[in-house]
1. Under 1.5 on a/c is rounded, so check that first for the range 190-291, then, if it is not, pick prolate when a/b is larger than b/c and oblate when it is not; a ≥ b ≥ c are the square roots of the alpha carbon gyration tensor eigenvalues.
2. At 0.36 nm per residue, minus the direct Cα-Cα distance, what do GLN88 and SER125 gain on full extension? Give it in nm, one decimal, please.
3. Net charge within 10 Å of ALA279 by Cβ-Cβ distance, Lys/Arg positive one each and Asp/Glu negative one each, not counting ALA279 itself?
4. Mind grabbing the accessible area of THR317 for me, 1.4 Å probe, Å², rounded to tens?
5. With a ≥ b ≥ c taken as the square roots of the eigenvalues of the C-alpha gyration tensor of the chain, please select rounded if a/c is under 1.5 and otherwise prolate if a/b is larger than b/c or oblate if it is not?
6. Structure shown: which of LYS180/LYS333; LYS93/LYS309; LYS48/LYS121; LYS180/LYS266; LYS197/LYS257; LYS226/LYS320 lie over 22 Å apart, alpha-carbon to alpha-carbon?
7. Note down the nm distance, to one decimal, between modelled labels 7 Å out along Cα→Cβ at GLU318 and at LYS235.
8. Along the charge dipole of the chain, Cβ charges K/R +1 and D/E -1, which of ALA170, GLN278, VAL316 sits furthest on the positive end?
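The values are calculated or read from the model by the stated rules, or taken from the named source; none is laboratory data. None of the values given here were measured: they were computed from a predicted structure. As a convention, Cβ positions derive from the backbone with ideal geometry for all residues, glycine included, and neighbour counts pool all protein chains shown. Calculation scope for accessible area: heavy atoms of the full protein, side chains included, ligands and nucleic acids excluded. Shrake-Rupley method; radii C 1.70, N 1.55, O 1.52, S 1.80 Å.
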Amino acid sequence: MKKQMKKVLALGLATVMAAGITACSAPAKEETAAATKAAETQAAGEVKDEYKIAVLLPGPTGYFVATKEGIDVAAKENNVKIEYADAQWDASKQLAQAEDFIVKGVDLIAICSVDSGSGEKIVKSANESNIPILAFTNAIGGEESGQYNGLVSYVGQNEVNTGAVTGELAKQLLGKDGGKAILIEGVPGTTPQINRKKGLERALEGSNIEVIFNQTSNWEKEQALKIVEDMIQKKTEFNIVICQDDNSATGAGQALKEAGLKDTVKVIGLGGSIDGLQAVKDGLIDGTTYMSAVEEGHVAIETAVKFLKGETVEPVTEIKQVEVNKDNVDTFKGEW
């Protein structure tokens, strides 16, 4: 009888404890599924010797080679197993890759989305499956800061602020008199293309710089070169070419150099690539921006691990782009 009573008491105590844990960890309406998973993990006292994190990349570029370097270093430091997937710039392929990792039951997904729309679908799927998800490099949603409900955190630049840096560079290069500008943009519809343009326009408000023509180069050097060549052949008058990436800037600078116009027309890039920094040194372009892709990857994994361990993380960790010109270019080291 005593043994039966002990079993009843133990069962009752377990039920009370379970109810208490459920009550303590029950999320408010505004909390995301990712936050719920963290609360449940903390309440259960779950500890892992190794975390498995899926990293979804949008496509192959030199930038992500550098980002992966930072990711791999942080993974080694924090005993994390990384599983990569590259979408080859195909949004539907990235969605399928995300679903595959969700089925596998990884501890967290870190995504650099192909585009914001598909990224939102992936966040929703991860939330529904209680898989925490973090975004890096490419923001998801309409918030300029990159904050998005459903994400553990966003690690990367504020693209509007980055676009504004190129505008400030343009104003410095052209002075109060200003001039006519050509804008060469990246892949249409992507968060960087949309928000960098928005930031540029804000920075140029009230200045004497007028954007007379804009076209996409899809981040490609050869396409940018062709755009500028066409403008030269049409005898279009312009004083500066503002590009949303260094590849396009070097292509624009090359077209101007071949036409003998580089001394009179300025070129601005963005990103601080190895080629971009060298182009500033060589005078092929007149300015660019810089932030560390290695640091961005490292911080993304550090943030993910902190969250998985139950530590508080900020909804946004901004990695800022800074101005680069001929006077300070030697202080920066290209990574990609």
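1. On the way: a/c = 1.41, a/b = 1.11, b/c = 1.28.
Here the range 190-291 falls in the rounded category.
2. On the way: separation 37, 0.36 × 37 = 13.32 nm, distance 2.08 nm.
11.2 nm is the gain from fully extending GLN88 to SER125.
3. Numbers: positive: LYS281; negative: ASP246, ASP275, ASP282, ASP286.
Summing Lys/Arg as +1 and Asp/Glu as -1 gives -3.
4. 40 Å²
5. Details: a/c = 2.95, a/b = 2.76, b/c = 1.07.
Prolate is the answer for the chain, as a/c is 1.5 or above and a/b outweighs b/c.
6. Working: LYS180/LYS333 32 Å; LYS93/LYS309 30 Å; LYS48/LYS121 29 Å; LYS180/LYS266 11 Å; LYS197/LYS257 26 Å; LYS226/LYS320 31 Å.
Result: LYS180/LYS333; LYS93/LYS309; LYS48/LYS121; LYS197/LYS257; LYS226/LYS320 exceed 22 Å.
7. Taking the simple label geometry, GLU318 and LYS235 are separated by 4.6 nm.
8. VAL316
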